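Bear in mind these aren't lab numbers, they're just calculated from the coordinates by the rules spelled out. Being a predicted model, the structure only gives us computed values, none of them experimental. Methodologically, a virtual Cβ is constructed for each residue, glycine included, from the backbone with ideal geometry; neighbour enumeration extends over all protein chains shown.
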Amino acid sequence: ATGEATALAYPNIALVKYWGKRDETMFLPVTSSLSMTLDIFATTTTVRVTDGPADEIEFNGTAATGSAHTRIERFLDLVRAKAGRTERATVVTVNDGPTGAGLASSASGFAALATAAATAYGLDLDGRALSRLARRGSGSASRSIFGGFVVWHAGEGDGEAGDLSSYAEPIGGDELDPALVVAVVNQTAKTVSSRDAMRATTQTSPFYRPWAESSMLDFDEMRRAVARGDLAAIGEIAERNALGMHATMLTARPGIRYLSPHSLAVLDAVQALRADGVLAYATIDAGPNVKVLCTRADAARVAATVESLGDFVTTRTAHIGPGATLLPD
Ligand code: DP6
């Protein structure tokens, strides 16, 4: 039998970060994380099962080679093993955001790939099972299966037990309707992948354990803040959690630094906005770009303030976006 499916997925930005695995092969995280799915920078992926001799993978019009190819092939092997199938596939992906610059392209990418590949290979998976599958491609992708505010549970144990208990689920709160102003200060791909950086941090930073413990407290507090619809508290927890993650990776040996002088300039502008009474809080992932959480009403002002810093920064404003979906053919 052959099959074909196309899926669309959006990136998500973690407000309580995932930074470190307890099991690298199963992508089991040390801590639970919480994110917001966006409505910009979508990935669209088509998977077609073929009778060809090898997987063919195309990314934004160019054939994938080397480690990018291998990573997707390994992921398809997982799907094939679950489906009891052996045929190869053609994968065509189009991504409309900058790749590898800490703008979560692997999250939308593996969420779309998991959704399309599961259907193409005849697997009938619910959202929770899809989130567990997407997790095996990139941890953060588990959260992009769902829209709005989403938690990814660390789960318990290793191997099979860990795999079953480490899934994502939506937690509501969409009525908060925040904006996320993405300040793009550098579009080039990063030099250290988040995968390598989180491994180095867990293995060498003397502050990793304390970070993980404080992040678990942030997670509990963040869940309560989302439940009561308290955007200021959500922002405050998100900012301190992100700064803590960066502080911790700075103490890896050797230290890892994604923050650039331009990132710091944006952080200063966010602080100045707050001093002016604007609800604005920053978060930063594995790259120099800064994402500013604010209300929908303040988004234009926040964007204008950030852009006025100079030519080095441009902005894109996102709102809450939907989970991964199959597109009709
Ligand atoms: C800083 O999900 O890209 O964005 O699981 O190794 O593929 P792998 O890592 P990835 O890491 C994301 C790190 C982060 C924080 C987050 O999204 O929670």
- Starting from the Cα-Cα distance between LEU326 and VAL278, subtract it from 0.36 nm times their residue separation and give me the gain in nm to one decimal. 13.4 nm
- Message: Can you classify segment 101-229 as rounded, prolate or oblate using the Cα gyration tensor, where a ≥ b ≥ c are the square roots of its eigenvalues, rounded means a/c under 1.5, and otherwise it's prolate if a/b beats b/c and oblate if not?
- Response: rounded
- Based on the Cα coordinates of the chain, what is the per residue volume of their convex hull in Å³? 128
- GNM on the chain, Cα springs under 10 Å; top mean-square fluctuation among ARG88, ARG301, ARG48 goes to ARG301
- Approximate shape of segment 255-329 as ellipsoid semi-axes (Cα gyration tensor, √5λ), whole Å, largest first: 25, 18, 12
- Query: Given the Cα-Cα distance of ARG128 and SER193 and 0.36 nm per residue of separation, how much length would full extension add, in nm?
  - Reply: 20.7 nm
- Message: Can you give me the distance in nm between label points at LEU309 and ALA247, each placed 7 Å from the Cα along the Cα-to-Cβ direction?
- Response: 2.0
- Query: Got a sec? How would GLU156, GLU221 order by Cβ neighbour count within 10 Å, fewest to most?
  - Reply: GLU156, GLU221
- Using 1/(1 + (r/R0)^6) with R0 = 25 angstrom and r between the beta carbons of GLU24 and THR86, what's the FRET efficiency to the nearest 0.05? 0.45
- Multiply the residue separation of GLU160 and GLU175 by 0.36 nm, subtract the distance between their alpha-carbon atoms, and state the gained length in nm to one decimal. 1.8 nm
- Message: Checking understanding here: applying a Kyte-Doolittle mean of at least -0.5 and a length along the axis of at least 20 Å (C-alpha), which whole DSSP H helices in the chain pass?
- Response: 66-83, 105-120, 231-250, 261-275
